[in-house]
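Notes follow once the structure below has been shown.
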Amino acid sequence: QYIDRGLSMLWERLFRCGDSSMEIEVDERAAGNHGLNELYRQIGVYVGSLRSALNTQARLKVYRWVDAAAISFSLHDNESIDDSFDGVHVSWTHCVMEKENARNNPFCGDSAQRSFTLRFLKRDREIILPAYLDHVSKVSADIERKSSQRFLYTNNYGNWEEASFSHPSTFDSLALDLGMAERIKADLDTFSNGKTFYHRNGRAWKRGYLLYGPPGTGKSSLIAAIANYMQFDVYDLELTKVSDNAELKSLLIQTSAKSVIVVEDIDCSVKLSNREDAKEGTDRQGSSKLTLSGLLNFVDGLWSCSGEERLFIFTTNFKERIDPALLRPGRMDMHILLSYCTFHAFKKMANNYLGIQDHPKFLELQESMTKSSVQVTPAAIAEILIRNQDSPDMALSEVLTAFQTHVDIVDDENISTKHMDDENTPRKHVDPTVGDETASKVSHQKSKRPYLGLKMPFFCGKSKHQD
Ligand SMILES: Nc1ncnc2c1ncn2[C@@H]1O[C@H](COP(=O)(O)OP(=O)(O)OP(=O)(O)O)[C@@H](O)[C@H]1O
Ligand SMILES: [Mg+2]
């Protein structure tokens with residue numbers, strides 16, 4: 001505390017030195033009374049988020065918005081708070097002055113004039129203007145987005161229908177291979193902070209992910225986790241309900257910035273004619289239709305940058321069925337394989353579902369998972385753990401049995417042959433893939449293993465998986 005106080009006194013004195021310091025004033029109302037100044041509002045939100053205030057301020061104003069989970073606070077009138085950015089020290093003061101004619105005039109409306117004053121050393125002005133103020137605006141927009149309702153949109157013949165989005169999936173609730181969550185989050189962070197980078201390089205500020213792997217391995221759950229991590233709205237594009245390229249473009253234009261545009265099961269949602277056949281976007285009868293080139297334009301054509309900071313996520317059970325044109329970097333920048341449950345992923349699920357970090361059965365389970373000839377999806381494991389959530393012993397025994405038993409095995413020739421094909425065919429291009437290096441090795445090693453899913457899904461004739 002003494003050190004803090006000493007530093008802030010020194011800081012005060014530095015500022016009083018006069019010409020070494022500089023002040024910027026942000027009024028609540030823009031000059032000429034053009035309504036409220038947006039920057040003033042954003043600074044209020046930003047300053048209220050500075051946790052240092054809880055330690056340094058003697059007085060704070062505290063409030064809670066209707067339906068808000070968290071308590072917010074703001075500076076008391078005419079008090080100051082310090083902040084730092086890129087190694088530069090600044091201070092904010094919330095200045096409130098009573099208007100002279102307001103005291104005795106009940107018709108004067110707002111009786112006070114409010115502003116924020118930002119003080120910093122002159123030598124730092126290039127960092128503050130505009131980088132620090134941009135930072136303040138971004139942080140405040142992020143805070144507001146986190147506390148506001150988000151939406152899930154689905155297309156219905158040319159229009160988006162809106163529902164509230166409240167999927168509980170997060171990177172913490174997902175069981176992924178070692179390091180995968182961190183790599184995806186790091187990529188998302190780089191993307192989110194990349195506005196200047198994308199603009200400087202003349203690139204549209206968007207990124208594409210392809211999630212691929214067997215059913216029940218967490219592709220849809222990962223999409224929800226990504227949307228929650230980014231605090232983005234989700235547009236779930238159902239291609240079977242898009243009649244032609246023009247409608248696809250119109251849907252794209254209606255989407256907002258900071259959103260995830262999802263196309264699930266891209267390989268089986270519609271039969272897209274290849275580019276050569278469909279250059280004109282018309283069929284033999286001359287009527288317009290949805291084509292691969294329409295979809296490619298959707299992902300990286302001129303219209304795809306009509307809203308900024310967007311993620312395109314496509315999912316498939318069969319990556320090899322997708323036209324390579326759609327998979328190239330720039331369209332699908334990262335290919336993420338979600339595969340069968342590894343021991344690392346299992347431990348995460350045991351922790352999440354049963355609350356256990358270790359157990360005498362873990363060693364045996366690890367051995368079984370590595371050596372067993374059976375592959376189990378995270379969805380199948382989740383089902384066992386949920387059913388036995390009150391009894392970790394029973395849950396683990398059942399998981400062990402699942403890896404040791406061949407009763408419920410569905411031997412999927414389709415998937416095995418596809419994987420074997422992959423193995424025998426030399427790769428034509430290098431995939432920018434997450435999880436491929438480790439997980440595809442796993443899937444190759446395991447490619448002749450039988451597949452144990454839940455009893456009902458996937459190979460029992462779910463229509464979306466049939467050609
Ligand atoms: N990696 C995972 N970690 C935690 N839970 C998982 C994981 N994968 C699947 N699950 C569980 O299984 C259920 C089904 O998963 P999800 O719908 O994400 O699979 P999917 O890969 O999208 O399947 P499909 O290819 O059939 O669409 C989820 O609700 C979740 O509870
Ligand atoms: Mg899915």
- Being of a type outside the set (D, E, K, R), surrounded by fewer than 16 Cβ atoms within 10 Å (Cβ to Cβ) and touching a strand residue (DSSP E or B) at 6+ places or on another chain (Cβ under 8 Å), is that true of even one residue in the range 327-349? yes
For the range 214-234 the number of residues that are more than 16 Å from ligand 2 (Cβ to nearest atom) and within 19 Å of residue 304 (Cβ to Cβ) is 3
Exactly one of 219, 195, 206, 241 is under 21 Å from residue 322 (Cβ atoms) and surrounded by fewer than 18 Cβ atoms within 10 Å (Cβ to Cβ), and that residue is 241
Within the range 373-383, restricting to residues that are over 15 Å from residue 348 (Cβ atoms) and crowded, with 19+ Cβ neighbours inside 10 Å, the one that is nearest to ligand 2 (Cβ to nearest atom) is 380
Out of (1) more than 32 Å from the chain's Cα centre (by Cα); (2) modelled with pLDDT of 95 or more, the one residue 404 does not meet is (2)
Note on the range 200-214: residues among the charged types (D, E, K, R) and either assigned to a helix (DSSP H, G or I) or within 14 Å of residue 259 (Cβ to Cβ) (or both) are 200, 206, 207
Q.
Considering only the range 215-236, I want to know if a residue exists there that is assigned to a helix (DSSP H, G or I), out of contact with any Lys or Arg (no Cβ under 7 Å at 6 or more places or on another chain) and either at pLDDT below 90 or not assigned by TED's automatic domain parsing to the domain that holds residue 170 (or both).
A. no
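The values are calculated or read from the model by the stated rules, or taken from the named source; none is laboratory data. Please read these numbers as outputs of a predicted model, since none were measured by experiment. A quick note on method: Cβ atoms are made from the backbone with ideal geometry, for glycine too, and the neighbour counts reach across all protein chains shown.
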